[in-house]
Ligand SMILES: Cc1ncc(COP(=O)(O)O)c(C=O)c1O
């Protein structure tokens, strides 16, 4: 197995427009900074963190009782806990490809095999039939990333329910890292299916990626098992303070989500369409875009202070870009227009020279 080596270095060297990690493109509400300052000024950094009050708040936000919730150091840590609880050498995990590398890597580190039916071309639809067909007596876990990173496409609730019914002993992990943007969740199915696990994060819509906070929802019995193998204080106190402030002041992140999904994203989609640039339909705050030449386009955008994320096979001819505010996307469109213009001019020169 390979290590996860995301291109994080140098991102603060210039005033880059950061569209490369599907983070929030704006910092969190001022209430978050105030809450963190207040916590530090009250001298509370010396204390071990406690989670009870926050989990109560999260219960209200998710509509899930506290005993069905575990908070983790980013949803990455939730995924690691879950895979380590469920998988051992010889087991199989099914997860369609392309998708989030960390989950695959967690399964491999347990000695499990990852079975990866491909997302369906041409629109990267969720490959439900192929996943059902891939189930064997060794399958312990089916992972559904919805919306999926990097394709942006979702599984429907009917498809998720079908997987939950395949076999009650096979756990189904629904990774909802982009839930606040998609507005669609499998959480109501928790009441009926003990084999369902939902993970979410404060790294995306809540703009707290740097503090590391995620959580998992499942049956009380499975959550109790996860508590047995977790590290006790791995969620730090400042992450909890910041997340509470976000849940208490939803107006600003909700306004951001609204602007991204209902103003900025349709604007960028129109723009790409007008420029003949292919992109996959997405339910998340990012788009998977196929420009004429991904290396040249990535280099041009970077040279003009915009970072996007080139992808690996089977979508190596694409980049993933976060959608930000309308103003930020205007900056992107302006630079992309100049890139397109330069490409057209270069092609004309080449055509004239070859005549
Ligand atoms: C699908 C998916 N799941 C989980 C994560 C991990 O998020 P975090 O560990 O920051 O909560 C990401 C981050 O990019 C993601 O795209």
_For the chain, convex hull of alpha carbons as volume per residue, Å³_ = 150 Å³
*Calculate, for residue 59 and residue 251, the FRET efficiency according to 1/(1 + (r/R0)^6) with r their C-beta to C-beta distance and R0 25 Å; round to the nearest 0.05.*
0.75
_Where labels lie 7 Å past Cα in the beta-carbon direction, separation of residue 221 and residue 156 in nm_ = 3.1 nm
*Pop a pseudo-label 7 angstrom from the Cα along the beta-carbon direction at both residue 278 and residue 135 and give the gap in nm to one decimal.*
3.3 nm
_Taking 25 Å as R0, compute the FRET efficiency from the Cβ-Cβ separation of residue 16 and residue 338 and round it to 0.05._
0.90
*Quick one: if you stick a label point 7 Å off each Cα along the C-beta vector at residue 47 and residue 258, how many nm between them?*
3.6 nm
*asked:* Between helix 74-86 and the chain, what is the angle of the helix's C-alpha long axis to the longest principal axis, kept within 0 to 90° and rounded to the nearest 10?
replied: 60 degrees
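Please arrange 192, 46, 320, 138 by counting, for each residue, the other beta carbons lying within 10 Å of its beta carbon, fewest first. Intermediate results must be reported in sequence, preceding the final value.
Numbers: 192 9, 46 6, 320 24, 138 12.
Exposure proxy ranking, most exposed first: 46, 192, 138, 320.
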*Helix 52-62 sits at what angle to the longest principal axis of the chain, using alpha carbons and giving 0 to 90 degrees rounded to 10?*
60 degrees
*Based solely on its DSSP helices, what 222 nm [θ] is calculated for the chain when runs of n ≥ 4 H residues each add -39,500 (n - 2.57) and the sum is averaged over all residues, nearest 500 deg cm²/dmol?*
-12500 deg cm²/dmol
*Identify the residues of the stretch 283-326 with backbone N under 15 Å of a label point that sits 7 angstrom from the Cα of residue 346 along the Cα-to-Cβ direction, or state none.*
291-304
*Working from Cα positions, state the angle (0 to 90°, nearest 10) between the long axis of helix 265-274 and the longest principal axis of the chain.*
30 degrees
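Read-outs throughout are calculated quantities, based only on the coordinates presented, and are distinct from any laboratory measurement. If you're wondering where the values come from, they're calculated on a predicted model, not measured in any experiment. Backbone-built Cβ (ideal geometry, glycine too); neighbour counts: all protein chains shown.
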